[in-house]
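Worksheet: the structure to be examined is printed underneath.
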């Protein structure tokens, strides 16, 4: 699956914050499917350039995404789009987060191998 194209603006972020009752910084800490679907519903850019999908479509997109990747990667993609939009600190380095995850998983797998 290609990387999701997500675009967030103030209206969409406001909608997310209202739905969750939390600032966007706290919303990204929630990796439930319900929250991920909300983030996709509000931020997915369609092929025609419009942004936003309904809940069933968002769930379908999550299912397709999870065939090749995991929820952490999806959350990283969402977080990266929020950083790009200026809604999270531009100093937040998503590439470093991905590297740390990969390093952690490598270490965990090595420990499992040594059991």
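Axis angle, to the nearest 10 degrees, between helix 55-68 and the longest C-alpha principal axis of the chain: 20 degrees. Angle of helix 94-113 to the longest C-alpha principal axis of the chain, folded into 0 to 90 degrees and rounded to 10: 30°. Computed from Cα atoms, the angle from the helix 33-43 axis to the main principal axis of the chain rounds to 50 degrees.
Distance between the pseudo-spin-label points of residue 105 and residue 48 (7 Å out from Cα toward the beta carbon): 3.6 nm. As a proxy for reagent exposure, ranking 24, 40 by other Cβ atoms within 10 Å from fewest up yields 24, 40. Each residue in 16, 61, 112 was given a count of other beta-carbon atoms within 10 angstrom of its own, and listing them fewest first yields 112, 61, 16.
Readers should treat all values here as calculations from the given coordinates under stated rules, not as data from a laboratory. Just so you know, these numbers come straight off a predicted model, no measurement behind them. Note that we place each Cβ from the backbone using ideal geometry, even for glycine, and neighbour counts take in every protein chain shown.
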